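Reading through the structure tokens given below for one structure.
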Amino acid sequence: MATTIDSLGSTGMPTLTTASTGSRTLGKNEFLKLLTTQLANQDPLSPTDNQAFIAQLAQFASVEQAEAANSRLDSLIVAQAANNQTAVANLVGKDIVYKTDHVTLGASGDATISGQLANDAAIANAIITDENGKKIATVTLHDVKAGTINFPWNGKDDAGNPVAAGDYKVRLTAADGKEQNVTIDLRGRARATGVTFQSGIPELMLNGQRVKLSDVIEIAEGASSTASATDLTSLLTALSRS
């Protein structure tokens with residue numbers, strides 16, 4: 001914030017204004033020097049009014065306080081951003097379960113598609129397509145229980161031909177014995193390999209894709225230590241605001 005003198009008021013005292021941009025052109029010492037110069041050269045037959053003099057000092061003091069408050073606020077924002085970035089970096093190397101509509105087929109030629117089933121289902125399908133929506137393969141499971149279910153995909157299309165490694169879109173469907181739809185959500189699981197801030201917010205790098213923290217469902221470290229998204233609400237909320 002810059003402090004400048006726009007004009008001299010009717011009392012002969014400088015009028016101060018502030019701007020949100022630009023460099024500081026008048027500091028405290030400069031103002032006081034100018035003020036004493038004004039007083040020394042005032043008309044002795046029409047001296048500066050005391051109230052106007054006090055008002056000018058009060059105006060300058062308020063400007064100085066505002067500048068100091070802005071400086072401290074900027075420091076707090078920078079410190080908070082640094083803390084949030086450090087917290088996100090701690091997630092690197094952990095296994096992340098997240099919302100997605102894709103599956104990555106690796107060089108090994110197979111992949112596992114995970115879903116969360118709300119209720120027991122007589123049939124559940126994982127429909128795999130390319131980015132243009134062209135159907136490639138369907139993986140079907142029968143008599144599945146509610147909870148986490150896994151669709152093993154052998155990396156082949158419906159004709160039995162191997163498909164190229166890469167990312168594919170997935171849509172899950174499920175139905176009970178009465179052919180009523182059962183809610184099922186697609187989930188991905190991958191090891192966090194990095195963090196990116198390219199979009200202005202922290203995002204995890206999972207299977208070469210950027211995943212928002214709001215899409216993280218579960219964070220796991222090792223086979224026996226798991227933390228749910230509910231337990232990590234405070235952390236993720238703070239990080240997503242950075």
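Determine whether the stretch 179-192 contains at least one residue that is in contact (Cβ under 8 Å) with a residue 40 or more places away in the chain, under 21 Å from Asp110 (Cα atoms) and within 18 Å of the chain's Cα centre (by Cα). Taking every residue of the stretch 179-192 in turn, at least one turns out to be in contact (Cβ under 8 Å) with a residue 40 or more places away in the chain, under 21 Å from Asp110 (Cα atoms) and within 18 Å of the chain's Cα centre (by Cα). Of all positions in the stretch 57-65, none carries a residue that is under 29 Å from the mean Cα position of the chain (by Cα), surrounded by 13 or more Cβ atoms within 10 Å (Cβ to Cβ) and at pLDDT 70 or above.
A quick yes/no check of all residues on (1) at pLDDT 75 or above; (2) loosely packed, with under 12 Cβ neighbours inside 10 Å; (3) in contact with an Asp or Glu (Cβ under 7 Å, 6 or more places away or on another chain); (4) at positive phi:
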site	(1), (2), (3), (4)
Glu30	no, no, no, no
Leu39	no, no, no, no
Thr48	no, no, no, no
Ile77	no, yes, no, no
Lys94	yes, no, yes, no
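Checked against (1) modelled with pLDDT of 70 or more; (2) surrounded by 13 or more Cβ atoms within 10 Å (Cβ to Cβ); (3) part of a loop (DSSP other than H, G, I, E, B); (4) out of contact with any Lys or Arg (no Cβ under 9 Å at 6 or more places or on another chain), Thr104 passes all but a single condition, namely (3). Among the residues of this structure, Arg210 does not count as one that is at pLDDT below 85, among the charged types (D, E, K, R) and either touching a strand residue (DSSP E or B) at 6+ places or on another chain (Cβ under 7 Å) or outside the structural domain of Asp110 (by TED's automatic domain parsing) (or both).
Working only within the stretch 155-203, note down all residues that are part of a loop (DSSP other than H, G, I, E, B), surrounded by 12 or more Cβ atoms within 10 Å (Cβ to Cβ) and not β-branched (Val, Ile, Thr).
Gly155, Asp157, Ala165, Asp176, Phe197, Pro202
The values are calculated or read from the model by the stated rules, or taken from the named source; none is laboratory data. The model shown is predicted, which means the values in this text are computed figures rather than measured ones. Cβ sites come from the backbone with ideal geometry, for glycine too, and all protein chains shown count toward neighbours.
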